[in-house]
Amino acid sequence: MSSTNHLHQRGQIPQPCSHLADFRSKHGSKPFRLLQKCLRVKPLGRAEIRRDLHEVPRCAACVASAASARPRLYACVACAVVFCHSSPESSHAAAHADSMPSGHEIAVDLDRAELFCCACRDQVYDRDFDASVVIAAAAATAVSPTAMRGGESETMPWPESLRKRMRVDYRPWMPDPRERVLVTTNSSRLGGDAESNGVCSPLPWGLRGLNNLGNTCFMNSVLQALLHTPPLRNYFLSDRHNRYVCQEKRTNLGNDKNASSRSRVCLACDMDAVFCAVFSGDRTPYSPARFLYSTGNADCCIAHRVFSGILRSDVTCTICGFTSTTYDPCVDFSLDLEPSQGGSAKIASSKLHLAYNGETESMLSGERGGISTLMGCLDRFTRPERLGSDQKFFCRDCKVRQDSLKQMSIRKLPLVSCFHIKRFEHSSSRNMSRKIDRYLQFPLSLDMSPYLSSTILRSRFGNRIFTYSGDDPEGSTELSSEFELFAVVTHTGKLDAGHYVTYLRLNDQWYKCDDAWVTRVSENVVRAAQAYMMFYVQKRFHYKASEKLVTS
C-alpha cells in the first residue's frame, strides 16, 4: 500500500474513482476477467473490445455504428449494452447510468479497451483490468524477439544483455598512499588558462589544432569530437589504457606465430598517444600521422561501451497484427532529413498508424516548411512505415506473405549518442549524386525518452498503468534519457569539393576547430552551420562548472 500511495503522490497513478471503487467492492474483478474473452488486437498492438471479429457495434439509443463518423462507443460493464458518448451534454452512456440503479456507471471503450466512468464523464484506471489487456495484447502481438529464417519466424529468447540493468563501468576512484605519491611527483599542474611555451593561451586545456595531412579534414573533425567526448576523455586521461603497458603485454606473448599480430598497431594505443599529445599543454598544431595507419583490436572496446546502443525493429502484419521483433547493435543513428513539403511515404504511413488507433492526425511544424529539426528527423526515424509490395514478410499466423508495417525504436541508449545526417543522396536510376543543403535546427539539450522502445510500446498498447513484458524502466530512466550537446561536425561546399569543421562546446563556450586553427565563436555561428554529425552525451557525464579544472 505504501508504494501505491507513493505513486499516487508522484502522479504516476491517478486517484481512484469512487464509482469504480464501489463497483469493485460489489463485484470484484470478475467482470473484467470476462471482458478478456472479448479482447481483439489490431495491428501495432492496439486493443479493442469485440464479441465477434466482424461485429459492428451500434449505440442502443441512436443506432450510431462503429464504422461511421460518430462519438465514441462504450459498453456498460454491468449489462453489456452499448451507448455513445461525445460530450457531457450529449451522452447516451451517461443517460443510461443515470436511469439505472447503482453499478452501471462503469463502461469500457470498445475501440480502445479502456475504462470510462459515465458518472464522472472521465477515463478511469484499474490495475487488474489494465493487466489483463496488456497480457492479451502482448500475447497476440508476440512481443518477444523473433528471427526470420527460411521464410518462417522462430521465437527467440530475450538476449541476456537486455534482461540486465544498464550498467555504468565508471566508479569513483581515490588514490591510495602509494598512488598519491606517484601522482604528486610525476604530474604537472593542469589549468584552463595555463601558459604554453611561455605564452598565455585563452583556450581551454586540451584544445589543440590538428594538421591537415592531405584531405584529412574529416578525420581531424571526428578526432576532435572524440578527444572531447567526456567518457572517452576520462578513460584515457585516467590511464585506463596505457600504451606502454599494452605494448609490453603484446611483446611478452613471445610466440613466433603471433609476430604479425604484435607488429600491428593498436588503435587504443594510438588514441592514448593522441590524448597525451593534445593534453600535454603544447599549443602548436599536432599531426596525427600514425592514426591514418591504425587498425583496431579488442583493446579498443571502450569505444563500443561509450557509443554502442541497441535498436529495436518491429514488423507487424496488417492483416492479423502478428509482430516480428529483432534487435541490432548500433554505434550511431543515421537520420534522413525531413522532406521540405511533406507527403513522403513514411509520413503517409504515420497517418495510417494514427488511423489504426483512431487518433487525430497531426503534422509537426518541421514538416510544413523548408527547415528540418533534429526532433523531426527522430520522429521520422521512429514512425511506422508501410513496406513495399516487394518487401512482404512471411506471417507466422497467416502462413503467407502479407503487407506489413515496420517501426524502429531505441531499446538501449548509448552513453554518447552520435547522430549522422544523410546530406548526400545517390540515385542509381538517374546515375547522379547531390548534397542536401537544407538547414537543420538542433537543441543544446535533448530528451530521447519519446524515441525509446518502452515509450513507443506503451503508446502502442494504450494508456496503461500496468508494467508489461519488455518494459524495462531501469534501463531507460528519466536521467539517462536526457542528453547535452558537446560537439557538432559541419560540412561546407559541394559533394565533390567540400570541407569539414568541428565546433566544440567547452565551459558553455563554443570553439571552432578548423584543422590547425582553433578559434572562439558564438553560439549563433554554430546554429547557422550545416550540421553533418552531432554528438550528445548523457547529462550524468556532462560537466559544466567542473569542466574548468581547479588547481590548488
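The values are calculated or read from the model by the stated rules, or taken from the named source; none is laboratory data. Predicted model, so just to flag it, every value in this text is computed and none were measured. Neighbour counts run over all protein chains shown; Cβ positions are idealised from the backbone, glycine included. Calculation scope for accessible area: heavy atoms of the full protein, side chains included, ligands and nucleic acids excluded. Shrake-Rupley method; radii C 1.70, N 1.55, O 1.52, S 1.80 Å.
Does any residue of the range 425-442 turn out to be under 23 Å from R527 (Cα atoms), surrounded by 13 or more Cβ atoms within 10 Å (Cβ to Cβ), in contact with an Asp or Glu (Cβ under 7 Å, 6 or more places away or on another chain) and at pLDDT 85 or above?
For the range 425-442, residues under 23 Å from R527 (Cα atoms), surrounded by 13 or more Cβ atoms within 10 Å (Cβ to Cβ), in contact with an Asp or Glu (Cβ under 7 Å, 6 or more places away or on another chain) and at pLDDT 85 or above: present.
Hey, could you check the range 1-28 for residues that are modelled with pLDDT under 75 and of a type in the set (S, T, Y) and say which is nearest to A97 (Cα to Cα)? Can you show your working first?
Here is the first cut: in the range 1-28, the residues modelled with pLDDT under 75 are 1-16.
If we keep only those that are of a type in the set (S, T, Y) too, we end up with 2-4.
Details: S2: 34, S3: 33, T4: 30 Å.
So the residue we want is T4.
Go through the range 395-451 and tell me which strands (runs of 3 or more DSSP E), entirely inside it, have 1 or more residues that are touching a residue at least 12 places away in the same chain (Cβ under 8 Å), farther than 18 Å from A531 by Cβ and within 18 Å of the chain's Cα centre (by Cα). Steps first, please.
On the way: elements: 404-412, 416-421, 424-427, 432-435, 445-447.
The strands (runs of 3 or more DSSP E) meeting that bar are 404-412, 445-447.
Can you name the condition, by its number, that S261 falls short on among (1) surrounded by fewer than 17 Cβ atoms within 10 Å (Cβ to Cβ); (2) touching a helix residue (DSSP H, G or I) at 6+ places or on another chain (Cβ under 8 Å); (3) at pLDDT 85 or above?
(3)
Which count do you get for residues in the range 227-241 that are open to solvent by 40 Å² or more (accessible area, probe 1.4 Å) and either part of a helix (DSSP H, G or I) or closer than 12 Å to A268 by Cα (or both)? Outline the logic, then answer.
Our first condition is that a residue be open to solvent by 40 Å² or more (accessible area, probe 1.4 Å); within the range 227-241, this holds for 234, 237-240.
Going one step further and asking which of them are either part of a helix (DSSP H, G or I) or closer than 12 Å to A268 by Cα (or both), we end up with 234, 237, 239-240.
Residues in the range 227-241 being open to solvent by 40 Å² or more (accessible area, probe 1.4 Å) and either part of a helix (DSSP H, G or I) or closer than 12 Å to A268 by Cα (or both): 4 in total.
Step by step: first the residues of the range 384-394, then only those that are within 22 Å of I310 (Cβ to Cβ) and assigned to a strand (DSSP E or B), then the one that is most open to solvent (accessible area, probe 1.4 Å). Which residue is that?
Result: E385.
Looking only at the range 531-552, filter to residues that are polar (S, T, N, Q) and open to solvent by 50 Å² or more (accessible area, probe 1.4 Å); which one of those is modelled with the lowest pLDDT?
To start, the set of residues in the range 531-552 that are polar (S, T, N, Q) comprises 538, 546, 551-552.
With the extra rule that they be open to solvent by 50 Å² or more (accessible area, probe 1.4 Å), the set shrinks to 546, 551-552.
On the way: S546: 41, T551: 36, S552: 33.
Once the filter is applied, the top-ranked residue is S552.
Just to check your reading of the model, which residue among S365, S417 is loosely packed, with under 15 Cβ neighbours inside 10 Å and either under 30 Å from K494 (Cα atoms) or at pLDDT 85 or above (or both)? Steps first, please.
Details: S417 fails: loosely packed, with under 15 Cβ neighbours inside 10 Å.
Exactly one residue qualifies, and that residue is S365.
Mind telling me which of the residues D270, D256, D299 ends up being surrounded by 13 or more Cβ atoms within 10 Å (Cβ to Cβ), of a type in the set (D, E) and modelled with pLDDT under 75?
Numbers: D270 fails: modelled with pLDDT under 75; D256 fails: surrounded by 13 or more Cβ atoms within 10 Å (Cβ to Cβ).
Among D270, D256, D299, only D299 is surrounded by 13 or more Cβ atoms within 10 Å (Cβ to Cβ), of a type in the set (D, E) and modelled with pLDDT under 75.
Among what's in the range 84-105 and is farther than 25 Å from K26 by Cα and among the hydroxyl-bearing types (S, T, Y), pick the residue that is modelled with the lowest pLDDT. Outline the logic, then answer.
Taking the range 84-105 as the starting set, the residues that turn out to be farther than 25 Å from K26 by Cα are 84-91.
Checking which are among the hydroxyl-bearing types (S, T, Y) leaves us with 86-87, 90-91.
Details: S86: 75, S87: 69, S90: 73, S91: 82.
Selected residue: S87.
Inspect the range 106-127 for any residue being in a helix (DSSP H, G or I) and at pLDDT 75 or above and give the result as yes or no. If you could, list the steps in order and put the result at the bottom.
Narrowing the range 106-127 to residues in a helix (DSSP H, G or I): 127.
With at pLDDT 75 or above added as a condition, the list becomes 127.
There is at least one residue in the range 106-127 that is in a helix (DSSP H, G or I) and at pLDDT 75 or above.
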